[in-house]
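Here's the structure we're looking at; comments come further down.
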Amino acid sequence: MESREENWNKFVVGSVPTLFYIPDFINDTQQQELLRNVVIYQAPISKWKALKNRRLQNWGGVVHEKGLLAQDLPPWLRRITNKIFEESCLFPSAINHVLINEYLPNQGIMPHQDGPAYFPVVAIVSLGSPVVMDFTPHSSLQLANTSIKSGDGDDDQWLDGHHPFSVLLMPGSLLVFKDKAYSDYLHGIKDTEWQQYNQAVNVVEDLKHGGSTGTGTKAKQPLEKERSGGAAAGTLQRVEKRVSFTCRVVPKVYKSFFKV
C-alpha cells in the first residue's frame with residue numbers, strides 16, 4: 001500500500017519538486033456551494049477589503065510581523081482547510097489563516113512572495129474562471145549580463161537551474177508549493193482577460209486527470225484553442241470571476257493584543 005506521501009508525490013508538476021497540482025480537489029457541487037455561500041457574498045461590505053486590482057476577505061485573524069492575532073475559522077471554511085491539512089501532510093499544524101480573493105476577468109496580482117510571518121507552505125484552491133499563474137525566479141538568482149539572443153527573442157539565465165514557468169489553475173483545483181518553490185520564486189497573475197496556457201507545466205497532467213483543458217466542460221467556458229483574429233493556439237479567455245482561497249499557517253499565535 002502506498003503511503004500518503006508517495007501518493008501525494010504523483011501530483012508534482014514541472015521541474016521544481018516542491019510544487020503540487022491536484023485537479024478536482026473540490027468537486028462541482030462543492031464549488032457551486034462555495035461560490036453561492038452567503039458568508040462570502042452576503043457578508044457585510046466591511047468584510048471586503050478593496051485593493052487596486054482585486055478585493056479580498058480575511059479569515060483567521062490579523063497577521064502582524066509578530067504573528068497572528070487569532071480568530072477561529074468558521075466551520076464551513078475549516079472543512080476545506082482540514083481536508084488540505086489531512087490529505088497533504090505538508091503543513092506543520094492545522095491551517096489557521098485564509099485569504100479569499102476575488103478577481104474580475106481582467107484582474108491579477110503582481111509577482112510577489114508571501115511574508116515571513118507564514119510557515120513556508122501555501123495552498124491555493126481555485127473556483128470560477130480558469131487562470132494562469134506565473135512563477136518567476138527571485139531577482140537574486142538572475143546572473144549579471146544575462147540577456148542572450150534566441151530564436152524567440154531575449155531569454156534570461158538563472159542560477160542553479162531556476163527558470164520561469166507557469167501553472168494552469170482550473171476550477172476546483174488545489175495548488176500547493178513549499179520550500180524552494182516558495183522561497184526562490186515570485187508568483188503572480190497577469191492583469192489581462194486573455195492568457196496563454198499551452199506552455200503551463202501541468203497541461204498534460206490536467207488532461208490526464210480528466211480536466212477540461214480545451215473543452216470547457218468543467219470550466220463553464222472554453223479554454224480557447226484559437227482566438228478570433230488569428231491568436232496562437234492555447235489561449236484562454238477569462239469571462240467570469242475567479243475566487244481563490246489562499247490557505248496558510250502562521251506559527252506564532254496570540255489570543256490577545258501584542259505587547260509592545
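The values are calculated or read from the model by the stated rules, or taken from the named source; none is laboratory data. Note that the structure is a prediction, hence the values are computed from the model and not measured. Cβ placement follows ideal geometry from the backbone for every residue including glycine, while neighbour counts extend to all protein chains displayed.
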Query raised in the report: Based on what the data block shows, is ILE148 buried (at least 18 other Cβ atoms within 10 Å of the Cβ) and either modelled with pLDDT under 95 or of a type in the set (A, V, I, L, M, F, W, C) (or both)?
Result: no
Requested in this report: Note down all Cβ pairs under 7 Å where the first residue falls in the range 128-153 and is over 24 Å from ASN101 (Cα atoms) and among the hydrophobic types (A, V, I, L, M, F, W, C), the second is at pLDDT below 70 and surrounded by 10 or more Cβ atoms within 10 Å (Cβ to Cβ), and they're at least six residues apart or on different chains.
Outcome: LEU141/TRP158; LEU141/LEU159; LEU143/GLN157; LEU143/TRP158; LEU143/LEU159; ILE148/ASP155; ILE148/GLN157
Report summary line: When (1) free of Cβ contacts under 8 Å to residues at least 24 places away in the same chain; (2) in a strand (DSSP E or B); (3) of a type in the set (Gly, Ala, Ser) are applied to SER46, the one that fails is (2)
Requested in this report: With respect to VAL125, determine if the residue is surrounded by 14 or more Cβ atoms within 10 Å (Cβ to Cβ) and modelled with pLDDT of 95 or more.
Outcome: yes
Requested in this report: Identify all residues within the range 113-130 that are in a strand (DSSP E or B) and among the small types (Gly, Ala, Ser); write none if there are none.
Outcome: ALA123, SER126, GLY128
Report summary line: The one condition ILE45 fails out of (1) over 24 Å from ASN106 (Cα atoms); (2) over 20 Å from the mean Cα position of the chain (by Cα); (3) surrounded by fewer than 18 Cβ atoms within 10 Å (Cβ to Cβ) is (1)
Query raised in the report: Any idea which of THR192, THR213, THR217 is surrounded by fewer than 23 Cβ atoms within 10 Å (Cβ to Cβ), among the hydroxyl-bearing types (Ser, Thr, Tyr) and at pLDDT below 75?
Result: THR217
Query raised in the report: Which one of HIS112, HIS97 is farther than 24 Å from PRO23 by Cβ and buried (at least 22 other Cβ atoms within 10 Å of the Cβ)?
Result: HIS97
Report task. Starting from the range 168-181, take each residue that is free of Cβ contacts under 8 Å to residues at least 40 places away in the same chain and list its partners that are assigned to a strand (DSSP E or B), counting only C-beta distances under 9 angstrom and pairs at least six apart or across chains. Result -> none
Requested in this report: Look through the range 62-112, keep the residues that are part of a helix (DSSP H, G or I) and acidic (Asp, Glu), and return whichever of them is nearest to ILE26 (Cα to Cα).
Outcome: GLU87
Report task. Tell me, yes or no, whether the range 26-33 has at least one residue that is hydrophobic (A, V, I, L, M, F, W, C) and at pLDDT below 90. Result -> no
